[in-house]
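J.: Here's a structure for you.
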Protein chains: 2
Amino acid sequence: MQALVVLAPFLGLLGLYAAYALYVEIMKQSPGNDRMQEIAEMIHTGAMTFLKREYTILAGFVGIVFLLLAIFISFLTSVAFVAGAICSMAAGAIGMQGATQANVRTSEAARDKGEEAALYIAYGGGSIMGLSVASLGLIGVASFYILYVMIGDNTFVQHLAGFAMGASSIALFARVGGGIYTKSADVGSDLVGKIEAGIPEDDPRNPGVIADNVGDCVGDTAGLGADIFESYVGSVIATIAIGATMTQASSHMILPILVIMIGLVASVIGIASMTKMKGIDPAEILRYTTFIAAGLMLFFSLVATFMVGLGFAVWGALAMGCLAGIAIGLLTEYYTGMFGPVKKLAASAETGAATLIINGFALALQSVAPPVAVIALATFCANSMAGLYGIGLAAVGMLATVGITMSVDAYGPIADNAGGISEMAGLGPETRKITDGLDAIGNTTAAIGKGFAIGSAAMTALALFSAYINAVGLTSINIINTQVIIGLFMGGAITFVIASMTMTSVGNAAMQMVEEIRRQFREIPGLMEGTGKPDPATCVDIATKAALKEMILPGATAAVFPLLIGLLLGPEGLGGMLAGATVTGVMLALLMANGGGAWDNAKKYIEQGHHGGKGSEAHKAAVIGDTVGDPFKDTSGPAMNILIKLMSIISLVIAPLLI
Amino acid sequence: MQALVVLAPFLGLLGLYAAYALYVEIMKQSPGNDRMQEIAEMIHTGAMTFLKREYTILAGFVGIVFLLLAIFISFLTSVAFVAGAICSMAAGAIGMQGATQANVRTSEAARDKGEEAALYIAYGGGSIMGLSVASLGLIGVASFYILYVMIGDNTFVQHLAGFAMGASSIALFARVGGGIYTKSADVGSDLVGKIEAGIPEDDPRNPGVIADNVGDCVGDTAGLGADIFESYVGSVIATIAIGATMTQASSHMILPILVIMIGLVASVIGIASMTKMKGIDPAEILRYTTFIAAGLMLFFSLVATFMVGLGFAVWGALAMGCLAGIAIGLLTEYYTGMFGPVKKLAASAETGAATLIINGFALALQSVAPPVAVIALATFCANSMAGLYGIGLAAVGMLATVGITMSVDAYGPIADNAGGISEMAGLGPETRKITDGLDAIGNTTAAIGKGFAIGSAAMTALALFSAYINAVGLTSINIINTQVIIGLFMGGAITFVIASMTMTSVGNAAMQMVEEIRRQFREIPGLMEGTGKPDPATCVDIATKAALKEMILPGATAAVFPLLIGLLLGPEGLGGMLAGATVTGVMLALLMANGGGAWDNAKKYIEQGHHGGKGSEAHKAAVIGDTVGDPFKDTSGPAMNILIKLMSIISLVIAPLLI
């Protein structure tokens, strides 16, 4: 069976080839008229410039950490670290390239050919990201696994953790930077455009709209991609690390790799299956392809589990994670979609912004409990079935079909962009109706994707936590010990501090954006009347600089904190810190994602004509709620996912220093 | 030394006598003109009616729990439970009686005699509450201690915990009920009065203002009093429980009782010392009296510690708690007072409500870390000095001078009420200026009091947690065990759920209040012009009914949850739940108290004329921020304090069922 793992990197290359084939296919489609191409080019350039500058900064960071790891931990760990960072960056760059070519072609397909063709292109563009994440993750983890097994170093699992740490470090900066970028542009454009100037969303007169569309790419595509990539490799590596300490170690270690190999193939089949679905509602298509992939993955994983000589219970833990992922997605949809809670929330906008915010916050607080109960239940079942290893495998089960879940997630910002391009290029109401429809589905998949990202982060963090405990050789992290209690409190506090930092960053960056957009409306003659031309490049530049500047402090804090706590409180205290951070981090992530999602859709519900519709007092209140929710759901909330994983993985890597 | 404890109940009776003497003194002062007396009588009746109806409902609850405890735990525990409940209710009733007589006499003194006389009366009224809490707590704890020692039952500490549970149960309902009452009245009156009708705060034409003033009494006086009473007895009983398991058990058990005896005497001296301070700024007077009491308490506690044969390190733990209490109060003042953070927050109101809310939330998130670090540091030091016992004693040290800290807290709503009465009775700008000044000091002391309440709740919860661990005979609560991880998550989730419930309750109750006030403005002829008379009694009735109805669900949930978790996850899992709830509860309490306080003062800062002053767009945004903050700081936030203590104490009481 061990031999099968050798195939993994080649399977990964095949996956990358599939992504490339999709890209070629998309590039064959028409990119529309000159105006569309001009807009798309601005978005493309803005996104790629941001990525390039971000990666330049991160290269420095990666270099420094490489040296530190090589000196204080081990050279093998530091090599894996760099590889993990490069794979994460590569996945982001490939996905972004695909997304920024697919967006304009989706618009054109919507104009020229109709909904189905547009859906295919948007989904295909998302799949480039999905397949890249899955394939690069598989190639990286499997290659280093094979390499280290060949070297025969007994502590190779420790080195492997370096790969996850590389992915994790990039993820934090990408998520935080992307989150700040997208929300500063969004909030800034909305505050001046919608509220002050009274022009609609994505209006070409607004100098901030290009930055806003770039933000969708860098935040929701590259940022989310890095987040999910990290969960994916983190869960697999944590499970390998736990498996390494068990009897039948080699079976336990290769199973997670086999599962993600199966998951990649299942994802490709799932993506391909969409071309066979004709005349079905687009939202259903996205759902069905996901279910097909999950079903295939579960079935063949059962076969693989038996083949490596592990029992049904081990597979049960895997299945538990897969089901929990789906359940958390559905719960997120319930709380943030157009159902009871959001409709009730929208009604409270009638008495003003204050009651809307209070009720939205109450809804968000409440929405935390059911997903947490699902995570707790899945953890309990997985542990009963297969111990700590089961918890790790549950996380792998949740993430194995990442090729398709990530595709669906990445579809969202492409559809969103396509809508923006249609509006800016004035493609007319027929086209706009199609892109609006695709965008609405994208909002739902984005909400589900957020819930899924949180659930998988929680499970991955628990798996990494278990691996950390093994690595430092603890048999107990006893809450009765004061350093553990203090660790719990410190872990709780750090999540609040990082959430505060990222939220403040959005505020600062948005203020700069507001100033610039106001300046352009004031100084460019005829801009409001449509005779003057806005200068979107300056806005893009401001968002880029602000995001890159503001991502440093929270990123560095998160990276240094576990080391500090480990040195101050010892390995047991650090374990307490990780537990405290995981609990509060998951809560805050759910609170912010669901609160932000609910306010967003409450506004959309009012815009559909309820409670007075657009322009009413209720709508004005809803716009305030939506703006408050923006940094919640797209910056600070997502940062929590990565924070808890990053701190766990850093703890795992520095474990040798603490023993 | 043991003999000294026998004096404790008598000392408590002396403290009650001092409260009575203060009451007689206050009643001798003039209650002002007919209009003032009429208003004061409405507030008094409203407050007392609420208390009576609340206590009637709670009597039923106490009766049921009494039976359950007698059947499943022990008769002695159930007797102590009832006594704890009665003492808490008595302290609330006495304090409320004092506050609702002192308020109008403070107005009259401000009108007739000036600031100093008004300050004395308001502070004297607050001291009635302060001395009642300290005295009744001392009487109750010491009497049951003596009784149970006389009986010679080895498990008497277990029974003693019943007293704290009684106090705790009342506290939760009083805090939640009072919090819902005060904020539904406040939010309802403001939404219709200030925003819709455009009339000032406390305007006699607003039918909701009496209910608003009643709310200040039932929320800030009775609610806070029950909260602090619970921390006070909880910390002492937890410390006795830990002491009982140590060598030199009797010394360790009587020390906390001796400390609160000293604390009561020190508080009386502190209160008396204010009459000697002439020509000093009122805010300074409040501060000095507190410091005098704390200094005396620390000095004589050192003597007591040596007398019972315990070392300097034990006293060090006590002092650590006392200092931590002061530090947390000062940190709260920094984040919510008129300093840098609030001024910066006020500036963000210029770009509208959305940025104000985002920045306020970021500030609140950030403000969590420093107090948590203080709690962690105090816990660490106290534990290094005297182990778990040290943690308990630190909590006692923080609360020993409750006689005076509670007096200062209870001063706030009296000054607030005095301002309301002056406005409603039209006493003119001179009087109003004095009462406004006293009210502003009250806002600061209220903010400090909230920080102090959270800090003491955290320390008390940790002490109770330690006592629980002893009671169930655990030597380890190991986070590596799945049931402990699940417990941590469940504990984290329950605080979010209770916060959501209480916030929703305020929303519901405020809506009813808005409807009623709108109805009166619509249906009563000449109300707006000042010729018609409002019907405040209906508003009072609505707030009363809504608060009593809405307090049941969160109260019952909190009471049942530990039992449920204990039965499902066992004693270790329950320990994990308590740890998770304590960490997230403290975070949420700080977040909400500081966020609410900062928004409140940002509004006041703008009203002082900054950023356009009253009536500007910035002011409108600030009013929205303040309204959002109302349930944060006065309902859901404070509920967290009691929740974590209540769940710990219930766990301690049901410990015999779980072993």
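J.: Let me confirm something: among B:180, B:128, B:121, which residue is in a helix (DSSP H, G or I), modelled with pLDDT of 85 or more, open to solvent by 10 Å² or more (accessible area, probe 1.4 Å) and of a type in the set (Val, Ile, Thr)?
T.: Values: B:180 fails: open to solvent by 10 Å² or more (accessible area, probe 1.4 Å); B:128 fails: open to solvent by 10 Å² or more (accessible area, probe 1.4 Å).
After ruling out the rest, the residue left standing is B:121.
J.: Here is a follow-up. Looking only at the stretch B:413-445, count every residue that is modelled with pLDDT of 85 or more and within 13 Å of the chain's Cα centre (by Cα) and tell me the total.
T.: 1
J.: Could you list, ordered by first residue, the pairs with Cβ atoms under 6 Å in which the first is in the stretch A:639-652 and more than 15 Å from residue A:452 (Cβ to Cβ) and open to solvent by less than 10 Å² (accessible area, probe 1.4 Å) and the second is hydroxyl-bearing (Ser, Thr, Tyr) and modelled with pLDDT of 95 or more, at least 6 apart or interchain?
T.: Matching pairs, first to second residue: A:644/A:582.
J.: Given the residues B:190, B:153, B:203, which is the only one that is touching a residue at least 12 places away in the same chain (Cβ under 8 Å) and closer than 30 Å to residue B:254 by Cα? Can you show your working first?
T.: Details: B:190 fails: closer than 30 Å to residue B:254 by Cα; B:203 fails: closer than 30 Å to residue B:254 by Cα.
Result: B:153 is the single residue among B:190, B:153, B:203 that is touching a residue at least 12 places away in the same chain (Cβ under 8 Å) and closer than 30 Å to residue B:254 by Cα.
J.: Something else now. Which residue pairs have Cβ atoms under 8 Å apart, sit 6 or more places apart or on different chains, and have a first residue in the stretch B:616-636 that is at pLDDT below 95 and a second that is of a type in the set (Val, Ile, Thr) and open to solvent by 20 Å² or more (accessible area, probe 1.4 Å)?
T.: Within 8 Å, the pairs are B:623/B:195; B:624/A:624.
J.: Test residue A:448 against the stated conditions and say whether it is surrounded by 24 or more Cβ atoms within 10 Å (Cβ to Cβ) and at pLDDT 90 or above.
T.: Numbers: surrounded by 24 or more Cβ atoms within 10 Å (Cβ to Cβ): yes; at pLDDT 90 or above: no.
In short, no.
J.: Continuing with this model, one more query. I'm checking my understanding of the structure. Among residues of the stretch A:265-298 that are more than 22 Å from the chain's Cα centre (by Cα) and of a type in the set (S, T, N, Q), which one is most open to solvent (accessible area, probe 1.4 Å)?
T.: Of everything passing the filter in the stretch A:265-298, A:275 is most open to solvent (accessible area, probe 1.4 Å).
Yes or no, residue by residue, for (1) out of contact with any helix residue (DSSP H, G or I) (no Cβ under 8 Å at 6 or more places or on another chain); (2) among the aliphatic types (A, V, I, L, M); (3) touching a residue at least 24 places away in the same chain (Cβ under 8 Å); (4) under 25 Å from residue B:59 (Cβ atoms):
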| position | (1), (2), (3), (4) |
| --- | --- |
| B:81 | no, no, yes, yes |
| B:85 | no, yes, yes, yes |
| B:97 | no, no, yes, yes |
| B:112 | yes, no, yes, no |
| B:115 | no, no, yes, no |
| B:118 | no, yes, yes, no |
| B:122 | no, yes, yes, no |
| B:129 | no, yes, yes, yes |
| B:137 | no, no, yes, yes |
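J.: Against the condition within 12 Å of chain B (Cβ to nearest Cβ) and out of contact with any helix residue (DSSP H, G or I) (no Cβ under 7 Å at 6 or more places or on another chain), how does residue A:387 come out, does it pass?
T.: Numbers: within 12 Å of chain B (Cβ to nearest Cβ): yes; out of contact with any helix residue (DSSP H, G or I) (no Cβ under 7 Å at 6 or more places or on another chain): yes.
Spelling it out, residue A:387 is indeed within 12 Å of chain B (Cβ to nearest Cβ) and out of contact with any helix residue (DSSP H, G or I) (no Cβ under 7 Å at 6 or more places or on another chain).
J.: Kindly evaluate residue B:162 against the criterion of being on the phi < 0 side of the Ramachandran plot and within 14 Å of chain A (Cβ to nearest Cβ).
T.: Criteria not met by residue B:162.
J.: Also, quick follow-up: Is it true that residue B:162 is open to solvent by less than 10 Å² (accessible area, probe 1.4 Å) and modelled with pLDDT under 85? If you could, list the steps in order and put the result at the bottom.
T.: On the way: open to solvent by less than 10 Å² (accessible area, probe 1.4 Å): yes; modelled with pLDDT under 85: no.
It is false that residue B:162 is open to solvent by less than 10 Å² (accessible area, probe 1.4 Å) and modelled with pLDDT under 85.
J.: Still on this structure, I have one more. I'm checking my understanding of the structure. Among residues of the stretch B:313-350 that are more than 19 Å from residue B:377 (Cα to Cα) and without any contact (Cβ under 8 Å) to a residue 24 or more places away in the chain, which one is most open to solvent (accessible area, probe 1.4 Å)?
T.: Let us first name the residues in the stretch B:313-350 that are more than 19 Å from residue B:377 (Cα to Cα), namely B:333-350.
Narrowing the set further to residues that are without any contact (Cβ under 8 Å) to a residue 24 or more places away in the chain leaves B:334, B:339-340, B:344, B:348.
Working: B:334: 108, B:339: 88, B:340: 46, B:344: 146, B:348: 15 Å².
Only one residue fits best here, namely B:344.
J.: Also: Hey, could you check the stretch A:512-535 for residues that are aliphatic (A, V, I, L, M) and buried (at least 19 other Cβ atoms within 10 Å of the Cβ) and say which is nearest to the other protein chains (Cβ to nearest Cβ)?
T.: Of the residues in the stretch A:512-535, the ones aliphatic (A, V, I, L, M) are A:513-514, A:517, A:524, A:527-528.
Checking the rest, the ones that are also buried (at least 19 other Cβ atoms within 10 Å of the Cβ) come to A:513-514, A:517, A:527.
Values: A:513: 11, A:514: 7, A:517: 12, A:527: 21 Å.
Filtering first and then ranking leaves A:514.
One line per residue, one yes/no per condition, for (1) within 21 Å of the chain's Cα centre (by Cα); (2) under 10 Å from residue B:572 (Cβ atoms); (3) assigned to a loop (DSSP other than H, G, I, E, B); (4) hydroxyl-bearing (Ser, Thr, Tyr):
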position: B:456; (1), (2), (3), (4): yes, no, no, yes
position: B:465; (1), (2), (3), (4): yes, no, no, no
position: B:468; (1), (2), (3), (4): no, no, no, yes
position: B:480; (1), (2), (3), (4): no, no, yes, no
position: B:489; (1), (2), (3), (4): no, no, no, no
position: B:492; (1), (2), (3), (4): no, no, no, no
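J.: Sticking with this one: Might you check whether a residue that is more than 20 Å from residue A:226 (Cα to Cα), more than 14 Å from chain B (Cβ to nearest Cβ), acidic (Asp, Glu) and touching a residue at least 60 places away in the same chain (Cβ under 8 Å) occurs anywhere in the stretch A:402-418?
T.: The answer is no; no qualifying residue exists.
J.: Looking only at the stretch B:183-201, count how many residues are under 25 Å from the mean Cα position of the chain (by Cα) and in a helix (DSSP H, G or I).
T.: Just the residues of the stretch B:183-201 that are under 25 Å from the mean Cα position of the chain (by Cα), to begin with: B:183-190, B:201.
Subset that is in a helix (DSSP H, G or I): B:183-190.
Qualifying residue count, the stretch B:183-201: 8.
J.: A further question follows. Among the residues that make up the stretch B:579-598, is at least one of them in a helix (DSSP H, G or I), within 10 Å of chain A (Cβ to nearest Cβ), under 29 Å from residue B:466 (Cα atoms) and over 21 Å from the mean Cα position of the chain (by Cα)?
T.: yes
J.: Just need a number here: residues in the stretch B:475-510 that are more than 7 Å from every other protein chain (Cβ to nearest Cβ) and surrounded by fewer than 20 Cβ atoms within 10 Å (Cβ to Cβ).
T.: 3
J.: Conditions: (1) away from chain A (no Cβ under 14 Å); (2) within 30 Å of residue B:659 (Cβ to Cβ); (3) open to solvent by 60 Å² or more (accessible area, probe 1.4 Å); (4) not basic (Lys, Arg). Residue B:568 meets all but one. Number of the miss?
T.: With (1) away from chain A (no Cβ under 14 Å); (2) within 30 Å of residue B:659 (Cβ to Cβ); (3) open to solvent by 60 Å² or more (accessible area, probe 1.4 Å); (4) not basic (Lys, Arg) applied to residue B:568, the lone miss is (1).
J.: Right, here's the next one. Give the residues of the stretch A:613-625 that are open to solvent by 10 Å² or more (accessible area, probe 1.4 Å), within 13 Å of chain B (Cβ to nearest Cβ) and not aliphatic (A, V, I, L, M), sorted by residue number. Let's see the steps before the verdict.
T.: Here is the first cut: in the stretch A:613-625, the residues open to solvent by 10 Å² or more (accessible area, probe 1.4 Å) are A:614-617, A:619-620, A:623-624.
Add one more test, that the residue is within 13 Å of chain B (Cβ to nearest Cβ), and what stays is A:617, A:620, A:623-624.
Selection gives A:617, A:620.
J.: If you go through the stretch B:11-53 one residue at a time, how many are without any contact (Cβ under 8 Å) to a residue 60 or more places away in the chain and more than 26 Å from the chain's Cα centre (by Cα)?
T.: Residues meeting the conditions: 3.
J.: Right, next: Would you pick out the residues in the stretch B:242-257 that are open to solvent by 10 Å² or more (accessible area, probe 1.4 Å) and in a helix (DSSP H, G or I)?
T.: B:249, B:250, B:251, B:252, B:253
J.: Among A:438, A:399, A:365, A:464, which is the only one that is closer than 30 Å to residue B:195 by Cβ and either open to solvent by less than 10 Å² (accessible area, probe 1.4 Å) or among the charged types (D, E, K, R) (or both)? Walk me through it before giving the result.
T.: Values: A:438 fails: closer than 30 Å to residue B:195 by Cβ; A:399 fails: closer than 30 Å to residue B:195 by Cβ; A:464 fails: closer than 30 Å to residue B:195 by Cβ.
Among A:438, A:399, A:365, A:464, only A:365 is closer than 30 Å to residue B:195 by Cβ and either open to solvent by less than 10 Å² (accessible area, probe 1.4 Å) or among the charged types (D, E, K, R) (or both).
J.: Just checking, does the stretch A:100-108 include any residue being more than 18 Å from residue A:286 (Cβ to Cβ), assigned to a helix (DSSP H, G or I) and small (Gly, Ala, Ser)? Quick ask: steps written out before the conclusion?
T.: From the stretch A:100-108, those more than 18 Å from residue A:286 (Cβ to Cβ) are A:100-101, A:104-105, A:107-108; that's our starting set.
So of that shortlist, the ones also assigned to a helix (DSSP H, G or I) come out as A:100-101, A:104-105, A:107-108.
So of that shortlist, the ones also small (Gly, Ala, Ser) come out as A:107.
The answer is yes; a qualifying residue exists.
The values are calculated or read from the model by the stated rules, or taken from the named source; none is laboratory data. In this text the structure is predicted, and so the values were computed from the model without any measurement. A quick note on method: Cβ atoms are made from the backbone with ideal geometry, for glycine too, and the neighbour counts reach across all protein chains shown. Side chains are part of the model used for accessible areas, which takes the heavy atoms of the whole protein and leaves out ligands, DNA and RNA. Shrake-Rupley method; radii C 1.70, N 1.55, O 1.52, S 1.80 Å.
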